[in-house]
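The values are calculated or read from the model by the stated rules, or taken from the named source; none is laboratory data. Everything numeric here is computed off the predicted structure, so don't read it as measured data. Every residue, glycine as well, gets a Cβ built from its backbone with ideal geometry; the counts of neighbours run over all protein chains shown.
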Amino acid sequence: MKTKLLYGILITIFSFNLTLGQNSKVFLKVKWKDKSYDHKLELYNAANDLVLSICDDTQCYTGTQIGGTDVYVVKYNLGCVADGNNYYIKLYDYDNNGWDNSQVKVNVAGVEVINDDGSGATSAGQTIYFNVSGGNAECSSEPDMDQDGIADYLDYDDDGDGITDGAENMGEDRFECTLPPLVFENGAYDAAASSSAIGTVGAVYRFGNAIEGKDVLMEVLELDNTTIDNIDVDTVDNPTFLQTQLVMTGTGTPGARFKFTIVDAGTTTPSVEVYRINGISWDVDGGSSYQESHVYYDVAAYGTENPTALEVADLGGNNIEITANGEQEGPGFSNLMILRAYYQFIGNSFEMRMQLKNKTTSGSNLRQFGMSFTQCEFLDFNANSLIIITGEDFDGDGKYNHLDLDSDNDGIPDNVEAQPTIGYIAPSYSVHGKTGIDLNYGT
């Protein structure tokens, strides 16, 4: 297993020692419906260690609106944390006069232990205490390959060998991660590749030279109460992204399903040089009358930010639905990290549905769906919840590389193979509390 150890540069907030004890799941939800730039929340454990800090990532406690919206509604999954008394949150308000139209909730082991409107928030921080207990049975059943106290779905290094899951299992050091982003510009209807007229099911659009020597074909598979206004808008926001504009009518879940295939330039022959396709869905937002949503079909991996404003639903069959929470929407294109999701597919083609969920009005809505194919940009995510459904298994032993301490089965652990003999660094067995990476290898 020849790959490199991670030596990351992140702020270390707290760490876990590899010891077992009673643990419970903790979730935190923050709702700032206005003046998000004036607000901040911190969470501390019983030892007064800062566990996390939440603020609007585009205008963090600035006292002045800088971003396109002052609404910020997110949830944070802390995973399983050590049981104990006197955990606490501190609520900050820049103007020292409390939050308006806001809310914070803390849920421990399925029980809501804090529900506060933030009206008592101050510039010095209002303290609210809570206890953590009652969830050890659930936490004990969570997969945790390296037993570091960070569940695999929140752990950047599931097997604890110092090599991130992305490097071991998702092609970070392989050809597909060295590819430049796919460029979606000047897409045009390809009559020869299509089985029906433009804008209908069976139509195929070609994006020429999306990367050197490769085109992308985008085929319409389904149109459900939906028409294509523009297959790709190149004049606003991010011209190199795929920005598909759809008109969606009726109630329920109108949408359009597409198939994407990377082919040799000027042909319909799928490229044999592409093994996995990575990318990001951007600006997945919406209000109470509908929410934007993407369905990834037979996806190999997916992830969201932590915290996130998105809801994730497993539809079965490796089909994953990512949907806005219905409380976060900004004008125009938003680059808020909380509104983006990562995806990866195996092979040179994949399918995706762009849709609206819970649409309550029968009228028409014009919505733009943004996607970028930026290969391994998921590594920039903020301690993301990365779920690997189908990984790589170099030695064919039935254990994916990120769960296998010797992924090529040569008798030499990956941790040893990934380092030079002189200057070898052994693991410390203390890990970063958010990422699960051994502190000797970065954070």
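Points worth noting:
- Qualifying residue in region 327-341 (condition: among the charged types (D, E, K, R), free of Cβ contacts under 8 Å to residues at least 24 places away in the same chain and either surrounded by fewer than 23 Cβ atoms within 10 Å (Cβ to Cβ) or in a strand (DSSP E or B) (or both)): no
- Among all positions in region 241-252, there is at least one residue which is assigned to a loop (DSSP other than H, G, I, E, B) and of a type in the set (A, V, I, L, M, F, W, C).
- Of all residues assigned to region 253-271, none qualifies as being crowded, with 21+ Cβ neighbours inside 10 Å, out of contact with any Leu (no Cβ under 9 Å at 6 or more places or on another chain), polar (S, T, N, Q) and on the phi < 0 side of the Ramachandran plot.
- For Gln147: the one exception among (1) more than 23 Å from the chain's Cα centre (by Cα); (2) at pLDDT below 70; (3) surrounded by 15 or more Cβ atoms within 10 Å (Cβ to Cβ): (3)
- Listed by position, the strands (runs of 3 or more DSSP E) contained in region 2-113 that have at least 3 residues being touching a His at 6+ places or on another chain (Cβ under 9 Å) and at pLDDT 95 or above are 84-93.
- Selection status of Val236, under 18 Å from Gln344 (Cα atoms) and part of a loop (DSSP other than H, G, I, E, B): no
- Glu219 over 18 Å from Gly332 (Cβ atoms) and in contact with a Phe, Trp or Tyr (Cβ under 7 Å, 6 or more places away or on another chain): yes
- Residue within region 300-318 that is closer than 28 Å to Thr200 by Cβ, part of a loop (DSSP other than H, G, I, E, B) and touching a residue at least 40 places away in the same chain (Cβ under 8 Å) present: no
- Identity of the residue in region 239-261, at pLDDT 95 or above, within 28 Å of Gly347 (Cβ to Cβ) and β-branched (Val, Ile, Thr), that ends up nearest to the chain's Cα centre (by Cα): Thr244
- Val73 being touching a residue at least 40 places away in the same chain (Cβ under 8 Å) and closer than 29 Å to Gly286 by Cβ: yes
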